[in-house]
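Structure first, commentary second.
The values are calculated or read from the model by the stated rules, or taken from the named source; none is laboratory data. Fair warning: this is a prediction, and the values are worked out from it, not measured in the lab. Note: ideal-geometry Cβ built from the backbone for every residue, glycine included; neighbour counts use all protein chains shown. Only protein heavy atoms, including side chains, enter the accessible area calculation; ligands, DNA and RNA are left aside. Shrake-Rupley method; radii C 1.70, N 1.55, O 1.52, S 1.80 Å.
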Amino acid sequence: MKNISKEDWKGVWAVAECHEGRLIPVSLELISKARELADKLQTEAVAVVLGHGIDGAVCDAFMEHGAHVVQLVEHEALAVFRDDVFAQVLAGLIRSQRPEIVLAPATLAGKAYMPRVQTMLETGLTAGCLELDIRQDDRVLIQTRAAWGGNLFVNIVCPDARPQLVTVSPNVMSARRILTEGRVECPEIPFDWLKSGMEILESVYEKQDESVRLTKAEVVVVAGRGIEKKENLVLLQELAGLLGGAVGATRAVTDLGWLPEYTQIGQTGVTVSPRLCITFGVSGAVQHTVGLRNIEILVAVNKDSEAPIFEMATYGIVADVNEFLPAFLEQIRKKRRNSAE
Amino acid sequence: MLNIAVCIKQVPDARTVRFDKETGMMIRDGVETVINPVDLNALEAALAIKDSHGAQIHVLTMGPPSADKALRDALSMGADFAYLLSDRAFAGADTLATTRVLAKAIQKIGPMDMVICGNQSVDGDTAQVGPGLAVRLDMPSVAYVSALELKPEGLECRRMTGYGHDSVLVRLPALVTVMPSINTHRMPSLKGKMKAKSAAIPVWNADALGLSADEIGLVGSPTRVLNIFVRSFEARKERLEGDTETQVSALCERLAAAGVL
């Protein structure tokens, strides 16, 4: 691809994700961002949706959120998610139409097939971007993500290769309404883009409720490595229950298998925006804390007084979780009993 | 006999990592290195197949000469062969350049039936190397796998999706990336440790892999780090001091006043 000049690549794409024919919310967050970037570049924002049996309202939704073009890629082979097929189709469309920027959701599916697209196109891909902006002098996309550090961020660019590929987690960008008179295109899919080495035997829908509950909760209690023992989770779950909230975790905790992976908050997990968030034994590595957004009150409990989490806390409590948690829980139990009487 | 490649990465041990409050950077002093935790689950998945079906397990890592230790740890757990992909010119590689090195090395070892990787590393945190490597090896890939079973017609995988899980049948050769929940990895045996100590580990550089300078390291990477920066948080940062009882009541007062209790 290097022999093609950068100037031949135009337009900003937002790749959507559908579940049972309907868009998942990150799709509109991405087209809104794509429109903002396209305006800066004076080019078109294009929504690309791959699937089968896609609800017709999808096109309207995109045009209400700034899409100049909706590429509806409908095929029965796209009814289920197969990593190789999705990658071949998206890479094929990119090769033939040459967008300069492609935003894709950092969902489990997006993270599974976008690296295939990247490699097929021999270009850069930045995972889990938090902010995206255009460098005006050379149209280059500035891609901001969390680095491994206390409050450390990194700006990444892909100066020469095209397209510039990024993934963005759900709930990171905002969906914005911009009524746009767009057009719908239905590109032809050559047969050889659909060849696959895999077969989906069964799809089970299960955890929707739990992870949605976490992302929508008004109160989130977070378990970090510093809770030290699995038994403390029982207390955290009771605390979350009494406060009408949900339990989330850092990756250290889900890696230990103490909580399911979908409870992981952070760059590669979910993003939460509760009014109250209480973290126990969380050090505050930014890969986790970027998943905590627009929190009104953040309480941090950690025995290490130097932990970076205290820099972002409303209230910091330097204490051993094993002592503080049972005492705090008992106090909340008392309050609940009193209010019940 | 089945041949399985397992790609691992040596990373700083999260249990020993501390960050400087001002610069946000990792404090290098006292940081130990370990095999990226989920890569141990990838190795265990391969070992389980070896136990039940028989297989030769080839472990690879790209890294500095000191990554030899990670490979010996993998051998002591039961891997059969280990290869260190090391060259100063590999430094600064992004995920695209990394997959070129891993792919060439795997092709050099010989035909593989399976490649197993951890889903992502704790330091890079991208989850991109596995699926990208699969494309270079012309294999299908299944990511975020939480259960794996070898069947006559291929690998049957349970993989996590945004909505639950899928049961996927993938034909061999194939690459899978596994989640920590797939298994509990075994510990090295004494015999394994002895064997690992004396094992010969080939070190392959760019020449040995037939890679040119513009394909590897920083030069071969399309992405560049523009800058690293620290963002200070606008937070009240009120410390609640005193003994546990005092801290608990101070917190309850404040939360009640804010109307969140």
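What the table below lists for this structure:
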quantity	calculated
Angle in degrees between helix A:26-41 and the longest Cα principal axis of chain A, rounded to the nearest 10	60 degrees
Selected from B:L218, B:L226, B:L102 as most flexible by GNM, with chain B as the system and alpha-carbon contacts under 10 Å	B:L226
Sites matching trypsin sites (Lys or Arg not before Pro) across segment A:176-273 that sit in DSSP coil, with at most 13 neighbouring C-beta atoms within 10 Å	A:R177, A:K195, A:K229, A:K230
Helix axis angle, A:321-340 relative to chain A longest principal axis, alpha carbon, degrees	80 degrees
Dipole of segment A:125-254, positive direction: furthest Cα of A:L239, A:M173, A:G128, with charges on the beta-carbon	A:L239
Using alpha-carbon coordinates, inclination of helix A:108-121 to the longest axis of chain A, degrees	40 degrees
Accessible-area composition of the protein assembly as shown, carbon plus sulfur, in percent [1.4 Å probe]	50 percent
Value in Å of the Kirkwood radius, where segment A:1-142 supplies the Cα pairs that are averaged	15.3 Å
Entries of A:K33/A:K230; B:K108/B:K151; B:K50/B:K197; A:K303/B:K191; A:K10/B:K9 with Cα pairs more than 31 Å apart	A:K33/A:K230; A:K303/B:K191; A:K10/B:K9
The protein assembly as shown, accessible area per residue, ligands and nucleic acids excluded (1.4 Å, Å²)	40 Å²
Cα gyration tensor shape for the protein assembly as shown, rounded if a/c is under 1.5, else prolate or oblate	oblate
Top positive-direction residue, dipole computed over segment B:1-50 with Cβ charges, set B:L43, B:T16, B:N3	B:N3
Segment B:150-217: GluC sites (Glu not before Pro) falling in loop per DSSP and having at most 12 other Cβ within 10 Å	B:E153
Dipole magnitude of segment B:179-243 about its Cα centre (Cβ charges: Lys, Arg +1; Asp, Glu -1), debye to nearest 20	480 debye
Qualifying GluC sites (Glu not before Pro) in segment A:20-65, DSSP loop, other Cβ atoms within 10 Å at most 13	A:E20
CD proxy at 222 nm, helix term only [per DSSP H run n ≥ 4: -39500 (n - 2.57); per residue of chain B; nearest 500]	-9000 deg cm²/dmol
Span from the segment A:262-318 Cα centroid across to the segment A:25-39 one, whole angstrom	28 Å
Most positive-pole-ward Cα, A:A327, A:L214, B:P222, against dipole of the protein assembly as shown from beta carbon charges	A:A327
GNM top mover of A:N171, A:N302, A:N232 - chain A, alpha-carbon springs below 10 Å	A:N232
Within 10 Å of each Cβ in B:216-229, the average number of Cβ atoms from other chains	5
Chains B and A, summed buried accessible surface - 1.4 Å probe, Å², nearest 100	7700 Å²
Alpha-carbon centroids, segment A:84-121 and segment A:216-257: separation in whole Å	35 Å
Aspartates and glutamates with Cα under 18 Å of B:K21, excluding same-chain neighbours fewer than 8 positions away	A:D304, A:E306, A:E311, B:D29, B:E234, B:E238
Electrostatic dipole magnitude of segment B:130-175 [Cβ: Lys, Arg +1; Asp, Glu -1; Cα centre; debye, to 20]	80 debye
Magnitude of the charge dipole, the protein assembly as shown, Cβ model with Lys/Arg +1 and Asp/Glu -1, debye to 20	840 debye
